[in-house]
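S.K.: Below you will find the structure I want to go over with you.
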Amino acid sequence: MIKVANLHYKYQSGLEVLHGLSFRIGKGEFVALIGQNGAGKTTLLKQFNALLKPTAGSVGIAGLDTAKSSTGELSRKVGFLFQNPDHQIFMPTVAKEIGFGPKNLHLSKGEIEARVAEAAQAVGLTRYLGHNPLLLSKGQRQRVAFASVLSMQPEILVLDEPTTGQDYQEGIEIMEMVKKLNEQGHTIVFVTHDMELVATYARRVIVLSRGRVLLDDSCRNVFYHPEILKQTNLFPPQIARLAQAFAGEGLFKRPLTVDEMYEEILALASRPEGAKNVCCS
Amino acid sequence: MSAVANYIHRDSFVHRLSPLTKLFWSFLLMTLSCFFRDPLVLAGLFLSIALVALAAGILKEMLPVFKGLLVIAGLFILFQIFFITDGTTLFTLIPGTSIGRVTDVGLIGCLAMGARMIVIAASFPVLMGTTQIKDLVVVLVEKLKIPYPYAFMFVTSLRFVPTFMQEMDQIIQAQSSRAHRLDNKNFVRRFLSVCPLAIPLMVTSVKRAERMAISMETRGFGVGPRTNLHVKEFRTVDAAVCVCLLVAGIAFVALHVKGVLV
């Protein structure tokens, strides 16, 4: 679905941000891109819909070379959700805002209306379709932006820190929507600094450090390599750190979330020698 | 183009001058440019600005700005030159007709207007590139007695030019991700295609201004008299530079009155 080969990118200022990245992301994957500020995460994301084009190397999206494609052409394949919804909202109603993208694709009126209704329902904004999007809360505005990306019906969803500035509940709700879309077959690539979110939702994690891939593995394998993560000022989620603190006792396998640790504690407690271990520890 | 209003740190003679001296230099150039209509004299004035930028060590940063000004002046000339019918015809765009006629008066007049525009505009980025905004505010308020809120408003609007350009870049990216096109061939559609960019920029700017106002008020903006931590003194060297500039200015005007320079 996404094929990155020896990708280099240098800004006009001469600053080289990406240094020869190579990886593939298959259809239906749920990938988190993590790394410290300035690692090149957003620069990499912008390569996926040709907002930025490779200085050297290539990026292929569903067989299309981004160097030879425009952002508009790729918008049918790649939906890009930006950090700040206010950078795109301009229409007087939520319905028109969601319908802006499909209108640019010259779809029929009926098709646009159907897509608007579907996208609004997916993000829980159906009853706000007639509202002015600028008067909604930040969380709701982010949903409007998300719906306006969904209405393009892209196969790949690229999300740049989708939960930034949202309260915990809003953040979880957005990620649950993303998870649902992934279950429907969409490929997800998202950037976040929230390791708990990564542990809960991502199945694969790519760690970037100074424009290079430091780690590319399953979420569990990445978070149980704290010494490598530390090189890029990242820390595993608290549950993983707690489990690692007990590594010497051999108590836990490799839990990532509270639910997983709870299951492991229950399993331990059900064994007579395990119960003793848990109590003593 | 963010260099238009950005301070570029260097340790040069020009940087060390008082903002008042540099304001005087800028004002003198603007005044002189209004006296002359010979494109060569105006080009000479522009060259003097480029030399000041070179002396300040910021010529490299100023080159894109000057290039932009040249493009604007070129467009300005292009829009004017065909409408001046006085003088002898030099050539027409379509030979044998009067369509696209360019006359000697039109050519010299338009070149002069373009060059004047460049001189008037070019000194400003050099002034801003060599003067810290806080120093400029102090001079505007303390020496030129401009009320502080106005001086602050002026310099803040300059400070936000690069920020707004970054915001605009983000907005263009967000809208083009939704297949929005700006390169429409139809003029009306191209004009309308600016709305998806202009409205978010306006909304984010208003929000930013609101946040900034609150942030300033919470830090005591507008309460009681202000003091300044650093004051850039008007030194002897500044007085000498101002006298030299004044003498040069008077000489130029005298040569103009005598008809040597037109």
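Read the figures in this text as sums done on the coordinates, not as results from a lab. Keep in mind that what you see is a predicted model, and the values were worked out from it rather than measured. Here Cβ is always computed from backbone atoms with ideal geometry, including for glycine, and neighbour counts include all displayed protein chains.
S.K.: Using C-alpha positions alone, give me the convex hull volume of region A:73-222 per residue in cubic angstrom.
M.R.: Looking at region A:73-222, the number lands at 117 Å³ per residue.
S.K.: List the aspartates and glutamates whose Cα lies under 16 Å from the Cα of B:Lys143, skipping any in the same chain that are fewer than 8 positions away.
M.R.: Result set, ordered by chain and number: B:Asp135, B:Glu233, B:Asp238.
S.K.: Continuing with the same structure: Could you give the radius of gyration (one decimal) and Dmax (whole number) of the Cα atoms in region B:1-151, in Å?
M.R.: 18.7, 63
S.K.: Going through the cross-link list A:Lys103/B:Lys185; A:Lys138/A:Lys179; A:Lys46/B:Lys185, which pairs have a Cα-Cα distance over 24 Å in this structure?
M.R.: Check vs 24 Å cut-off fails for A:Lys46/B:Lys185.
S.K.: Taking the alpha-carbon centroid of each part, what is the distance from region B:14-31 to region A:44-94 in angstrom?
M.R.: With region B:14-31 and region A:44-94 each reduced to a Cα centre, they are spaced 46 Å.
S.K.: What does the charge dipole of chain A about its Cα centre add up to, to the nearest 20 debye, if the Cβ of each Lys and Arg holds +1 and the Cβ of each Asp and Glu holds -1?
M.R.: My answer is approximately 700 debye.
S.K.: Let me ask another. Find the centroid of the Cα atoms in region A:168-192 and in region B:206-223, then give the distance between the two in whole Å.
M.R.: Using only Cα atoms, the two centres lie 37 Å from each other.
S.K.: Within region B:201-244, report the trypsin sites (Lys or Arg not before Pro) that DSSP leaves as loop and that have at most 11 other Cβ atoms within 10 Å.
M.R.: Sites meeting the loop and neighbour criteria: B:Arg219.
S.K.: Right, another one. Using per-residue counts of other Cβ atoms within 10 Å, averaged over each peptide, order B:82-88, A:160-166 from highest down.
M.R.: By packing density, highest mean first, the sequence is A:160-166, B:82-88.
S.K.: Could you tell me the extents of the protein assembly as shown's C-alpha atoms along the three principal axes, largest first, rounded to whole Å?
M.R.: Per principal axis, max minus min of the Cα coordinates gives 110, 63, 46 Å.
S.K.: Assuming a viscosity of 1.002 mPa s and a temperature of 20 °C, what translational diffusion coefficient in µm² per second does Stokes-Einstein assign to region B:125-262, Rh being the Kirkwood radius over Cα pairs?
M.R.: 109
S.K.: A follow-up question, please. May I ask for the percentage of alpha-carbon pairs in region B:18-101 that lie more than 20 Å from each other?
M.R.: Across region B:18-101, Cα pairs with separations above 20 Å total 53 percent.
S.K.: Next up: Rounded to the nearest 5, what % of DSSP beta bridges with both residues in chain A are antiparallel?
M.R.: Counting only bridges with both partners in chain A, antiparallel ones make up about 55 percent.
S.K.: Taking 2.2 N^0.38 Å as the expected size of a compact globular protein, what ratio does the Cα radius of gyration of chain A give against it, to two decimals?
M.R.: 1.11
S.K.: Report the per residue volume, in Å³, of the convex hull enclosing the C-alpha atoms of region A:143-215.
M.R.: 106
S.K.: What are the semi-axes of the equivalent ellipsoid for region A:29-114, taken as the square roots of 5 times the Cα gyration tensor eigenvalues, largest first, in whole Å?
M.R.: So the equivalent ellipsoid measures 27, 18, 11 Å along its semi-axes.
S.K.: When you look at the Cβ of every residue in B:177-189, what mean number of other chain Cβ atoms sits within 10 Å?
M.R.: Taking the mean over all residues of the peptide, I get 5.
S.K.: About its Cα centre, what dipole magnitude does region B:7-166 give when the only charges are +1 on Lys and Arg Cβ and -1 on Asp and Glu Cβ, stated in debye to the nearest 20?
M.R.: 360
S.K.: If you don't mind, another one. Post the alpha-carbon centroid distance, region B:66-140 to region A:206-226, in whole angstrom.
M.R.: The distance from the Cα centre of region B:66-140 to that of region A:206-226 comes to 56 Å.
S.K.: Averaging over every viewing direction, what projected area does the convex hull of the Cα atoms of chain B cover, in nm²?
M.R.: The directionally averaged projection comes out at 19.1 nm².
S.K.: Next question. What value does region A:1-43 have for Rg/Rh, both radii from Cα atoms and Rh as Kirkwood defines it?
M.R.: 1.01
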